[in-house]
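The structure under discussion appears below in the form of structure tokens.
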Amino acid sequence: MGGGQSVPKITKQDRAILELKLQRDKVKQYQKKIQTVLDREHEIAKQCLATGQKDRALLALRRRKYQESLLSKTDGQLENLEQLVSTIEFSLVEVSVLHGLQQGNEVLKEIHKELNIENVERILDETAEAREVQREIGDMLANTLSMEDEEAVQAELRELQSEALGVGETERPITLPSVPETTPVSKAQEAVEEQPERARVPVAA
């Protein structure tokens with residue numbers, strides 16, 4: 001069997017909010033009870049008047065008025081309780097946000113430690129040294145190759161660059177034949193040159 005799920009920890013703030021909400025619910029229940037008494041006293045006063053018992057009707061209305069004053073006080077208490085619960089809950093949210101900001105600041109401090117001037121300069125120096133070593137290796141290899149090998153390497157490099165740009169074999173430029181340098185002969189001239197010379201016939205006298 002796997003371990004049971006962890007039970008959320010109940011803090012003092014949670015207990016305080018829960019207690020305030022319980023008190024609020026009790027006040028609401030008390031208000032409902034008072035409202036029931038108010039309605040009953042009102043009906044009693046009506047019945048007493050209907051039977052001609054004016055004094056009893058007046059007493060019922062006085063009791064009703066007293067219950068109304070209690071209801072008014074409970075309205076104020078209920079408002080205070082609800083406002084207090086809202087204030088505590090909002091304060092807890094502010095504390096949570098503040099805690100998140102503190103953690104974020106700590107993370108930023110750690111990042112700034114990694115990005116101090118010395119580390120940045122060290123990384124740049126290492127990068128420059130690596131480029132210098134790469135250049136020296138390239139020069140050394142170039143000096144050890146023959147001219148034919150270097151030309152072959154350059155040709156292979158150009159081919160790789162063409163492949164990287166998406167230029168295939170069929171897309172290579174077509175070499176057109178060179179234009180002849182001789183002057184073109186017109187068709188009339190060709191006909192004259194191809195026609196055999198006619199024998200000249202002497203004209204009779």
### Query
Got a number for residues in the range 64-83 being among the hydroxyl-bearing types (Ser, Thr, Tyr) and in contact (Cβ under 8 Å) with a residue 40 or more places away in the chain?
1
### Query
Could you list, in sequence order, the residues of the range 117-158 that are in a loop (DSSP other than H, G, I, E, B) and exposed (fewer than 10 other Cβ atoms within 10 Å of the Cβ)?
SER146
### Task
Report the residue count in the range 28-55 for those that are touching a Cys at 6+ places or on another chain (Cβ under 8 Å) and surrounded by 15 or more Cβ atoms within 10 Å (Cβ to Cβ).
0
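Would you point out the residue of the range 58-96, among those that are of a type in the set (Gly, Ala, Ser) and loosely packed, with under 13 Cβ neighbours inside 10 Å, that is nearest to the chain's Cα centre (by Cα)?
Among residues in the range 58-96 that are of a type in the set (Gly, Ala, Ser) and loosely packed, with under 13 Cβ neighbours inside 10 Å, the one nearest to the chain's Cα centre (by Cα) is SER96.
Does LEU101 satisfy the condition of being assigned by TED's automatic domain parsing to the domain that holds ALA16 and not in a loop (DSSP other than H, G, I, E, B)?
So LEU101 fits the description; yes.
Could you list, in sequence order, all residues of the range 84-127 that are of a type outside the set (Asp, Glu) and touching a residue at least 60 places away in the same chain (Cβ under 8 Å)?
LEU84, VAL85, ILE88, LEU92 - these are the residues of the range 84-127 that are of a type outside the set (Asp, Glu) and touching a residue at least 60 places away in the same chain (Cβ under 8 Å).
The values are calculated or read from the model by the stated rules, or taken from the named source; none is laboratory data. What you see is a predicted model, and the numbers here were worked out from it, not measured in a lab. Heads up, the Cβs are rebuilt from the backbone with ideal geometry, glycines too, and the neighbour counts pull from every protein chain shown.
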